[in-house]
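Remarks on the structure that follows.
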Amino acid sequence: MTRRAAALKHFKRVDPHFYRATLSHHASPPIQLSKKRTRTELLTSLVSIVISQQLGTAAADTIFARVKKVCGRKLSPESILKTSPAALRTAGLSGAKLKTLKAIAIAVKDDSLNLLSLKKIPETGVAERLMGMWGLGPWSVEMFLMFALGRGDVFSPGDLGLVRAMKTIYGLPKNASRTSLLAIAEKWSPHRTYASLLLWATQDSKGQVFTAH
């Protein structure tokens, strides 16, 4: 049984309301998650996630493309570090995101942040290592776990798209608590990542969701 089939079977059993509400997106999953990542791919994903903080998908994609271009079209610790702050700011980076990307590049270059090792450790360990970097918080870690490492049971209660989708589907109040969101999402475990993809899809008529490059 595929991951998608197992997830849908689980949702139908434990949360039939969610299963019915997302039915139109079951046949075409928004993306396929992959665990096969090189160091360069993991770094590229992390850069994409940093750029996407507090931005819509279209704006983030535009800035990511510009940043990649000014870095010589290939993102590496060396290309990021040698690119001037002025060029990165012109590409659309805020001062805070610029600081974060430079810090990540230094850490990856000197191996104080070994991205490949993150593939082999539990989510709590990934969070501890990434959140030790300036500018990386829970949302960034959750997106990295989902889209870069392909972890199947991740939920991001701070993601506005997920929150909006859940409020619509479950008729939750505007001030629904984090605890209530987590309680609903707990039912979807161990398939919370796929549930998140379905929630994002319900928020966009084109089925486009954030994905780290």
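When region 145-159 is limited to residues that are within 16 Å of S117 (Cα to Cα) and of a type in the set (G, A, S), the one that is surrounded by the most Cβ atoms within 10 Å (Cβ to Cβ) turns out to be A148. Considering only region 110-126, I want to know if a residue exists there that is under 30 Å from H17 (Cα atoms), in contact (Cβ under 8 Å) with a residue 60 or more places away in the chain and not aliphatic (A, V, I, L, M). Scanning region 110-126, I find no residue that is under 30 Å from H17 (Cα atoms), in contact (Cβ under 8 Å) with a residue 60 or more places away in the chain and not aliphatic (A, V, I, L, M), so the answer is no.
Looking for something more than 27 Å from R178 (Cβ to Cβ) and open to solvent by less than 10 Å² (accessible area, probe 1.4 Å) - is there at least one such residue anywhere in region 119-136? No, there is no match, as no residue in region 119-136 is more than 27 Å from R178 (Cβ to Cβ) and open to solvent by less than 10 Å² (accessible area, probe 1.4 Å).
Of the numbered criteria (1) open to solvent by less than 70 Å² (accessible area, probe 1.4 Å); (2) modelled with pLDDT under 90; (3) touching a Gly at 6+ places or on another chain (Cβ under 9 Å), the one E142 fails is (2). Within region 1-15, residues that are farther than 20 Å from I184 by Cβ reach partners that are open to solvent by less than 40 Å² (accessible area, probe 1.4 Å) and not in a helix (DSSP H, G or I) with beta carbons closer than 6 Å, at six or more positions or on different chains, in the pairs R4/P29. Within the set A87, A91, A103, A96, the sole residue that is under 16 Å from I51 (Cα atoms), touching a residue at least 12 places away in the same chain (Cβ under 8 Å) and buried (at least 19 other Cβ atoms within 10 Å of the Cβ) turns out to be A91.
Between L172, L182, the distinction of being at pLDDT below 95 and either open to solvent by less than 20 Å² (accessible area, probe 1.4 Å) or aliphatic (A, V, I, L, M) (or both) belongs to L172 only. Pairing residues of region 162-189 that are over 23 Å from G152 (Cβ atoms) with residues that are open to solvent by less than 30 Å² (accessible area, probe 1.4 Å), at Cβ distances under 7 Å and at least 6 apart in sequence or on separate chains, gives K167/A176; L172/M166.
The values are calculated or read from the model by the stated rules, or taken from the named source; none is laboratory data. Note that the coordinates shown come from a computational prediction; the quantities given were computed from them, not determined experimentally. As a convention, Cβ positions derive from the backbone with ideal geometry for all residues, glycine included, and neighbour counts pool all protein chains shown. Just so you know, the surface numbers come from the protein's heavy atoms only, side chains and all, with ligands and any DNA or RNA stripped out. Shrake-Rupley method; radii C 1.70, N 1.55, O 1.52, S 1.80 Å.
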